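Just below is one structure, and these are the notes that go with it.
Where a number appears in this text, it was derived from the coordinates with a stated rule and is not lab data. Quick caveat, the model's predicted, so the values are computed rather than measured. Because the Cβ atoms are built from the backbone with ideal geometry, glycine has one as well, and the counts that use them run over all protein chains shown.
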Amino acid sequence: MKKRFVFVFVLIAFAVVLVGCGSSTPAAPTPHPGQALVETKCSTCHGLPQVNNAKYTRATWESTVDRMVMSGMQIPDDQKALIIDYLAIRDENK
């Protein structure tokens, strides 16, 4: 019985050590879906540095994107909302 207890204890200790040896590198965060839209839709008329250097409030991004739609950008409302959301969040974190 004592041998069985020692064996189980060693087995548990080994499992704990293996779990502790797991990767400590966190997974890369998932990019915001609006980022890809900005890179594809906005870059057809503007260079990405121009878009990336702009820093506006959410309200200003809303009016700016609306102006781009009036100028001919073809985009459904759900994608427009994702672009505005991405740009506003990005600028809040700058």
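Under a Cβ-only charge scheme (Lys and Arg +1, Asp and Glu -1), can you give me the dipole magnitude of the range 41-94 about the Cα centre, in debye to the nearest 20?
220
Can you tell me the order of 32-43, 79-90 when each peptide is scored by its average per-residue count of other Cβ atoms within 10 angstrom, highest first?
Top to bottom by mean Cβ count within 10 Å: 79-90, 32-43.
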